[in-house]
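The values are calculated or read from the model by the stated rules, or taken from the named source; none is laboratory data. Since the structure is predicted, the reported quantities are computational estimates derived from the model, not experimental observations. Cβ placement follows ideal geometry from the backbone for every residue including glycine, while neighbour counts extend to all protein chains displayed. Please note that ligands, DNA and RNA were not included when accessible areas were found on the heavy atoms of the full protein model with its side chains. Shrake-Rupley method; radii C 1.70, N 1.55, O 1.52, S 1.80 Å.
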Amino acid sequence: MPVEFVYGKVGAPDLHRRGLRPETAHDGHLLVDIEADLVVRDGDQVVLAEKLFPVAELAHALVGWLHRPDAERGDFVFVSMSCAEPGVVRMVESAEGWRVGSVFAPDAWTSPVSWDALAAQVGRFVAAVREDVAEIGVRPGLIPGL
């Protein structure tokens, strides 16, 4: 698969340090505090590797982006409440197809893929994050379904 979002070690350690519980915390805290080690790769090429990345917040933002009408979608630039710089994850349409990259590595991009391939990979990522969110005691609706 040309583009892949892989993550592991899902948890919310900051939530517990704040004295909050997954089942009762405010959505804003949950989105930022549910973290995992995230890797975006294209085969063997790693485009982004971040520890303790806000995967719930990313999944939530991706759902909003995917639900936009095609004519209004445009490129995706992840604007996080916990990352100072916009574009830690970005998806840009080119003449050859969609590429995924990061502002942290401005010259590293995945190979171009079709919209259908990108949307399918994003959908798998979102579904997996929703499942893991439920496993740690948070209502899966925190991240809307696709």
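General observations
- Failed condition for residue 33, given (1) modelled with pLDDT of 90 or more; (2) under 29 Å from residue 107 (Cβ atoms); (3) of a type in the set (D, E, K, R): (2)
- In summary, helices (runs of 4 or more DSSP H) completely within the range 40-146 and bearing 3 or more residues that are open to solvent by less than 60 Å² (accessible area, probe 1.4 Å) and touching a helix residue (DSSP H, G or I) at 6+ places or on another chain (Cβ under 6 Å) occur at 55-66, 115-135.
- Selection from the range 1-39 of residues that are at negative phi, part of a loop (DSSP other than H, G, I, E, B) and not aliphatic (A, V, I, L, M): 2, 18, 21, 22, 23, 24, 26
- Which listed residue, of 22, 2, 13, is under 22 Å from residue 141 (Cα atoms), surrounded by 17 or more Cβ atoms within 10 Å (Cβ to Cβ), at pLDDT below 90 and of a type outside the set (A, V, I, L, M, F, W, C): 22
- Taken over the range 9-30, the criterion of being within 14 Å of residue 57 (Cα to Cα) and either among the small types (Gly, Ala, Ser) or in contact with a Ser or Thr (Cβ under 9 Å, 6 or more places away or on another chain) (or both) is satisfied by 11, 12, 28.
- Enumeration of residues in the range 50-88 that are hydroxyl-bearing (Ser, Thr, Tyr) and within 11 Å of the chain's Cα centre (by Cα): 80
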